[in-house]
Amino acid sequence: MKIAIPNNWFYQFLFILCIVVPYLDNFESTISVWSLAFIITIQRKYSISLFKLVIPYILILLIAIIVSFNYDYQKYLVIRDITYLCKPIIGFFLGYQLCGKNLQNAFRLIVKTGAFIAGCHILVILNAIFIEGVRTVADLRFYSGYFSDYEIYTFIILLFHKDFQLDYSKKTLRILTVLVGFSAFMYLARTNFIQFIILYLAVKGYFVINKKSLVIISSILITSVVGYLIVVSTNPRRGAEGFEGFLYKIKVAPMEPFKTKINREDYKDFNDNYRSYENILTVRQVTREGAIPTIFGKGIGSQIDLKQEVWLGDMNLRYISILHNGFMIVFLKSGLLGIFIYLFTIIYFFRKSKSDLPIVRNINLLFLGTGVFLFVSNWVFLGFYNLTETKSILIGFLIAYRAKINHQ
């Protein structure tokens, strides 16, 4: 049996590497690999569509840099913030450039990468259960990961394989779908479940307003409310193990990022609503300095004082510069002006690229779902600013594919 090595094997490997490295949860490794790959694959020409997405991110960064001249922040914090705010910009360009090197096998490469990540995730799960002796949902997520946006996108593409012109055999398609779907489910991430529902509805065309879509969306909303009320009525215990612990997370989810008053002396209230606590302090500490910081932010290198040490990641921190909320981090760094600009990065996904090609229309629908999901993602997971997210590369990749297919 001969093993065929594709001519663009290096760029396929580079794409897989760039998607995989953020899962290692080491930002220095991610930014190093992405920057090197960006330099290797840099192009002479880029589409206007890409710049429409990237320019608002660049403006937010520039505002934050200019504002920081009025403060005396630590150089380390300034450099770190610049790399953080550059991450989505590099990701979009990198994805766009890598697509140009993998145009002929674009969607197969997306699926291949998702399947590889899923296989690795399942191996980690098995190790956690049978070697580490993990028995609770919290411990399982600690060992095997908290979310995976990329796998949800891959799962959607597999479910709608005909719409994205994937020509796998039925057996291969079944194996890939089960593999990626099981792995994505086992993150047990509320945000990923919401992401799946939103993207599924989008690709089905239910976000295009008509009588049928209104009925379906209304039915889903009513079902969700009834389901939530059932969960609340079961009164799942805080700190419970297994499925009950997952239900408790669902119970507190609606209010977790939106509460306006937190008692930090009450451990349960503080821990369950920590995201809201960050938001409250960010708004309070920025606005109390007056109109100029409120409008333009406090710049690169700015931090929020949590008023007490909090265990975040693998260390106790009192001062933080990276928050859980994408809107809040933009507000902290570049103020209300930055928020106004930031909204254009979401509105971008609601604009269609005109085409008679079915696959372009389906990419448009996937982007529409992405725009809807970004409101959720930015509120709880930083959107494209999340340090471990990979979807910025995928979005840049699909922008390039759509542009190149449209002009063939």
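Data overview
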item: Set of lysines with alpha-carbon distance to Lys251 below 19 Å, sequence-local pairs under 8 removed; result: Lys259, Lys261, Lys268
item: Rounded percent of accessible protein surface that carbon and sulfur make up, the chain, 1.4 Å probe; result: 65 percent
item: Distant-in-sequence amide H partners of Val134 (H built 1.01 Å from N, under 5 Å); result: Ile129
item: Around Ile341: net Lys/Arg minus Asp/Glu count, Cβ-Cβ under 13 Å; result: +2
item: Residues with amide H under 5 Å from that of Val310, placed H, sequence gap 5 or more; result: Leu317, Arg318
item: Rel. contact order, % - alpha carbon contacts under 8 angstrom, at least six apart, segment 157-308; result: 10 percent
item: Derived scalar couplings ³J(HN,Hα) [segment 283-291; Karplus, 6.51 cos²θ - 1.76 cosθ + 1.60; whole Hz; x for Gly, Pro]; result: 4, 5, 6, 7, 6, 5, 8, x, 5
item: Kirkwood-Stokes translational diffusion coefficient of segment 85-244, alpha-carbon pairs, 4 °C, 1.567 mPa s, µm²/s; result: 71 µm²/s
item: Total formal charge among the other residues, if their Cβ is under 14 angstrom from that of Gly290, Lys/Arg +1 and Asp/Glu -1; result: +2
item: Distribution of pairwise C-alpha distances over the chain, 20 Å bins, in %; result: 24, 59, 16, 0
item: Cα-based reach from Lys204 at 20 Å (exclusive), listing aspartates and glutamates while leaving out same-chain residues under 8 positions away; result: Asp149, Glu151, Asp163, Asp167, Asp356
item: Scattering profile of segment 74-170 at q = 0.13, 0.14, 0.22 Å⁻¹ [log10 I(q)/I(0), Debye over alpha-carbon scatterers]; result: -0.72, -0.79, -1.08
item: Per-peptide average of other Cβ atoms within 10 Å, ordering 319-325, 147-153, 329-335 highest first; result: 329-335, 147-153, 319-325
item: In Hz, Karplus ³J(HN,Hα) per residue of segment 315-321 (6.51, -1.76, 1.60; θ = phi - 60°; x = Gly, Pro); result: 7, 8, 10, 10, 10, 10, 10
item: Angstrom value of the Kirkwood radius, inverse mean 1/r, which spans all Cα pairs in segment 272-350; result: 13.1 Å
item: Mean Cβ neighbour count within 10 Å, used as a protection proxy, ranking 114-123, 221-230 highest first; result: 114-123, 221-230
item: Fraction of alpha-carbon pairs over 15 Å apart in segment 158-216 - percent; result: 61 percent
item: Heavy atoms of Ile19: accessible area, 1.4 Å probe, square angstrom to 10; result: 0 Å²
item: Rounded accessible area of Lys391 (nearest 10 Å², 1.4 Å probe); result: 0 Å²
item: Inter-centroid distance (Cα atoms) of segment 37-51 relative to segment 268-340, Å; result: 33 Å
item: Whole-Hz ³J(HN,Hα) from phi, Karplus 6.51 cos²θ - 1.76 cosθ + 1.60, for segment 343-360, glycine and proline x; result: 4, 5, 6, 8, 4, 3, 6, 8, 8, 8, 9, 5, 6, 8, 7, x, 5, 5
item: Rounded to whole Å, sorted largest first: equivalent-ellipsoid semi-axes of segment 1-108, Cα gyration tensor; result: 32, 17, 9
item: Computed over segment 258-392: relative contact order in percent, which uses C-alpha pairs under 8 Å that are six or more apart; result: 20 percent
item: Cα coordinate range in segment 117-195, projected on the principal axes (Å, largest first); result: 41, 26, 14
item: Long pairs among Lys249/Lys307; Lys45/Lys112; Lys87/Lys298, criterion Cα-Cα beyond 29 Å; result: none
item: Around Gly227: net Lys/Arg minus Asp/Glu count, Cβ-Cβ under 15 Å; result: +3
item: Highest-fluctuation residue, Phe350, Phe373, Phe155 considered, GNM on the chain with Cα pairs under 10 Å; result: Phe350
item: Segment 277-323: radius of gyration and largest Cα-Cα distance (Dmax), Å; result: 11.4, 36
item: Solvent-accessible heavy-atom area per residue, rounded to whole Å², over the chain at 1.4 Å; result: 51 Å²
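The values are calculated or read from the model by the stated rules, or taken from the named source; none is laboratory data. A quick note: this is a predicted structure, and the numbers were derived from the prediction, not measured. Here the Cβ is made from the backbone with ideal geometry for all residues, glycine too, and neighbour counts use every protein chain on show. With ligands, DNA and RNA removed, areas are computed over all heavy atoms of the protein, side chains included. Shrake-Rupley method; radii C 1.70, N 1.55, O 1.52, S 1.80 Å.
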